[in-house]
Amino acid sequence: MKISKTIFTLFLVAISTMSCSSDDGTDGKDGIDGQTGATGTANVIYSAWLTAPTAVAETIDGTSGMSTSIVAPQLTEDILSKGTVLVYMSFGAGNYPLPYTSTAGGFANTITAISTVKKIKLFRFRHDAGGTVNLPTTLSWRYILIPGGVAAATAKTAKPDYSKMSYQEVCARFNIQP
């Protein structure tokens with residue numbers, strides 16, 4: 001009787017091993033593994049570091065300042081309405097997200113980006129409304145366009161607030177060369 005139990009046990013082990021073979025070619029209905037996606041930036045679009053034309057005086061919403069624009073050919077209405085547009089300024093040894101506030105020229109002022117289809121306006125204004133501070137052509141600019149995807153279903157899956165991430169964190173997240 002011991003031999004029969006041993007043979008029966010070996011038989012069960014052999015059958016269960018064969019039925020769990022990884023080369024069956026079919027997966028169960030639930031829990032099918034998806035294919036690994038390619039590493040990269042998905043649909044994220046980013047520019048090289050750009051220079052902008054000489055700024056000119058302009059008034060926007062009653063605020064006087066200096067403005068110039070950079071061309072962003074891939075910036076669409078769909079990205080404006082569903083995605084995220086990030087703009088960075090580079091000077092000295094750093095890269096800074098817009099809006100950027102400083103005391104350049106001896107006055108508190110802010111440089112901000114105003115995005116429209118295919119164009120990003122760069123606008124610098126003084127906080128005291130007492131004139132303008134130049135927007136030098138020596139500054140470099142880079143934009144990152146993050147198209148919208150599937151709407152988040154819950155707070156756990158909501159998209160990160162990229163405006164609170166450093167330039168280096170955004171580049172690391174989307175595999176962008178700084």
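The values are calculated or read from the model by the stated rules, or taken from the named source; none is laboratory data. All values reported here derive from a predicted model rather than from experimental measurement. Quick reminder, even Gly has a Cβ in these numbers, built from the backbone with ideal geometry, and neighbours come from all protein chains shown.
Take the residues in the range 102-136 that are over 17 Å from VAL85 (Cβ atoms) and of a type in the set (A, V, I, L, M); name whichever of them is nearest to the chain's Cα centre (by Cα).
Filtering first and then ranking leaves LEU135.
I'd like to check which strands (runs of 3 or more DSSP E) are fully inside the range 47-157 and have at least 1 residues that are at pLDDT 95 or above and buried (at least 17 other Cβ atoms within 10 Å of the Cβ). Outline the logic, then answer.
Numbers: elements: 56-60, 63-71, 84-91, 94-97, 100-102, 109-116, 119-126, 140-146.
Ranges flagged: 63-71, 84-91, 94-97, 100-102, 109-116, 119-126, 140-146.
Within the range 136-148, does at least one residue satisfy the condition of being of a type in the set (A, V, I, L, M) and in contact with an Asp or Glu (Cβ under 7 Å, 6 or more places away or on another chain)? Don't jump to the end; show me each part of the working.
Here is the first cut: in the range 136-148, the residues of a type in the set (A, V, I, L, M) are 139, 144-146.
Narrowing the set further to residues that are in contact with an Asp or Glu (Cβ under 7 Å, 6 or more places away or on another chain) leaves none.
No; the residues of the range 136-148 include none that is of a type in the set (A, V, I, L, M) and in contact with an Asp or Glu (Cβ under 7 Å, 6 or more places away or on another chain).
Residue under question is THR39, and the condition is that it be closer than 27 Å to SER166 by Cβ and either at pLDDT below 95 or of a type in the set (Lys, Arg) (or both); does it hold?
Details: closer than 27 Å to SER166 by Cβ: yes; either at pLDDT below 95 or of a type in the set (Lys, Arg) (or both): yes.
Criteria met by THR39.
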